[in-house]
Amino acid sequence: MSTTATTNWQDPEAIRLMLEEWDTWAVVGLSGDRGRTAYSIASLLQQRGKRIVPIHPDAAGGDLTVLGEQAYPTLADVPFPIDVVDVFRRSEAAGQFADEAVEIGAKGVWFQLGVIDAGAFERTVRAGLRMVMDTCPAIEWRR
């Protein structure tokens, strides 16, 4: 891993683009559990005018709705373009969602606070996507 990659994990321009210009956010790991951080952050995204798209394996039956939005079991199942893939998974499980974001043509990937995968960062940026790791939209909006 290069020093440049490490210093760019929280690139201000990538953060600005995602928070100010990109509107459709797939939230990986979002369920209806109001006690989970993913739920509160997805709610904040909605309050800030973002469209959230819940991604959760429990949506496989097609009848899961979270925060008023239809959930999908995988990113590939979403029938419209996604701007940002926001990942609420442990670091060791998060990289596959960065790879899937590349596959579906997302513009960016956001790994939440504490979620770090340097290899996924390198692959995602090399594929031409913006990526932010180890921070949270709530933190960045306060700055």
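From A42, A26, A76, grab the single residue that is over 25 Å from I139 (Cβ atoms) and small (G, A, S). Working first, answer last.
Values: A42 fails: over 25 Å from I139 (Cβ atoms); A26 fails: over 25 Å from I139 (Cβ atoms).
Only one candidate passes the filter, namely A76.
Which one is farthest from D83 (Cα to Cα) among residues in segment 44-62 that are loosely packed, with under 14 Cβ neighbours inside 10 Å and among the small types (G, A, S)? Top of the filtered list is G61. Just to check your reading of the model, which residue among A93, A38, A76, A26 is crowded, with 20+ Cβ neighbours inside 10 Å, part of a helix (DSSP H, G or I) and either among the aliphatic types (A, V, I, L, M) or in contact with a Lys or Arg (Cβ under 9 Å, 6 or more places away or on another chain) (or both)? Residue meeting the stated conditions: A38.
Values quoted throughout were computed directly from the atomic coordinates according to the rules given, and no laboratory measurement underlies them. Here the structure is a predicted model, which means the values were calculated and not measured. Cβ coordinates were reconstructed from backbone atoms using ideal geometry, including for glycine residues, and neighbour counts include every protein chain displayed.
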